[in-house]
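K.L.:
This structure is in structure tokens; I'll ask about it shortly.
The values are calculated or read from the model by the stated rules, or taken from the named source; none is laboratory data. If you're wondering where the values come from, they're calculated on a predicted model, not measured in any experiment. Positions of Cβ are backbone-derived with ideal geometry, glycine not excepted, and every protein chain shown enters the neighbour counts. The protein model used for the area step is the full one, side chains on, heavy atoms only, and it has no ligands, DNA or RNA in it. Shrake-Rupley method; radii C 1.70, N 1.55, O 1.52, S 1.80 Å.
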Amino acid sequence: MARRNGRITPSRNAAAAKAGAANGAKRGNGNGTTDNVKRANGSTFADAPGFDAGVFVRTIGAGRTRAVHTAKTAIFQQGDPCACVFYIEKGKVQITVVSKQGKKGLVATLGPGEFFGEGCLGGQRRHLTSAHAMVASTITSIEKATMVRTLHEQPTFSALFMGFLLARNIEIESDLIDELFNSTERRLARMLLVLARFGRPGKLAAVIPKIDHDVLAGRIGTTRTRIGYFMARFRKLGLIAYDAGGIKVNPSLLRVVVHD
């Protein structure tokens, strides 16, 4: 950004925007992540040899609740009291927000090993978003006081959680760059790659659960009509495919993100 005549105006060129979008897709950010944020010595905050966060979370005593949520059920609703941090042991969770006018937007899609609801640690009293299980999911909720105590007492877990927060910050920055500088087609391609966990630890997701076009439109800042147009285009090019389970994403979709 540059300041001109008292106003802030975009000053990055298209190449920088393209690189930002590609890096965002490769990191898999845009849906909240447990990314590997590098330290100066080359290690990462998410590196913890021999440490299994899922196993550790299950050993936390009082102040922890483990629950199984069936597909499409609410974990919490927008406006509910915010008093716990949630950890995904298994499954997939969608974070959404609804405006006063009833417009729904997709905030993030999260998978195993990721946290959500961390706003309570910063003093947030009510959830600004809603969380729903997209598939059958095992979720552990950790009360605020218990989470604060655990972060103070367990440095390895604290470092892992710090890595999550840093990755979330990178995600927000990448989303802003994406929104400011990239076309609707590139933003949609990047979002589909993010939902397929492209560039994250583990394998590319075989199928993305079906997502309403209105939700996608709200997430990338366009209309349902434009989403439908580009999804049809991607399908014709063989970059995505539909089946009974949802949407299959071809890794070649990355070409749309980095194509000049």
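Residues are listed down the side, and each one gets a yes or a no for (1) out of contact with any Cys (no Cβ under 8 Å at 6 or more places or on another chain); (2) farther than 29 Å from Asp80 by Cα; (3) touching a residue at least 60 places away in the same chain (Cβ under 8 Å); (4) open to solvent by 50 Å² or more (accessible area, probe 1.4 Å):
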residue: Leu128; (1), (2), (3), (4): yes, no, no, yes
residue: Ala133; (1), (2), (3), (4): yes, no, yes, no
residue: Ala136; (1), (2), (3), (4): yes, no, yes, yes
residue: Glu171; (1), (2), (3), (4): yes, no, yes, no
residue: Ile177; (1), (2), (3), (4): yes, yes, yes, no
residue: Leu192; (1), (2), (3), (4): yes, yes, yes, no
residue: Asp214; (1), (2), (3), (4): yes, no, yes, yes
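K.L.:
To continue, here is another question. How many residues are under 22 Å from the mean Cα position of the chain (by Cα), open to solvent by 50 Å² or more (accessible area, probe 1.4 Å) and among the aliphatic types (A, V, I, L, M) if we restrict to the stretch 216-240?
P.N.:
Residues flagged as under 22 Å from the mean Cα position of the chain (by Cα), open to solvent by 50 Å² or more (accessible area, probe 1.4 Å) and among the aliphatic types (A, V, I, L, M) within the stretch 216-240 amount to 0.
K.L.:
Return only the number of the condition from (1) surrounded by fewer than 15 Cβ atoms within 10 Å (Cβ to Cβ); (2) on the phi > 0 side of the Ramachandran plot; (3) at pLDDT 85 or above that Gly63 does not satisfy.
P.N.:
Failing condition for Gly63: (1).
K.L.:
Still on this structure: Which condition does Phe115 not pass, out of (1) closer than 22 Å to Pro251 by Cβ; (2) open to solvent by less than 30 Å² (accessible area, probe 1.4 Å), if it passes all the others?
P.N.:
(1)
K.L.:
Condition check: open to solvent by 60 Å² or more (accessible area, probe 1.4 Å) and modelled with pLDDT of 85 or more. Does Glu143 satisfy that? Write out each step before concluding.
P.N.:
On the way: open to solvent by 60 Å² or more (accessible area, probe 1.4 Å): yes; modelled with pLDDT of 85 or more: yes.
Taking the combined requirement at face value, the residue satisfies it.
K.L.:
Can you work out which of the residues in the stretch 241-260 that are in contact with a helix residue (DSSP H, G or I) (Cβ under 8 Å, 6 or more places away or on another chain) and within 22 Å of Ala71 (Cβ to Cβ) is most open to solvent (accessible area, probe 1.4 Å)?
P.N.:
Tyr242
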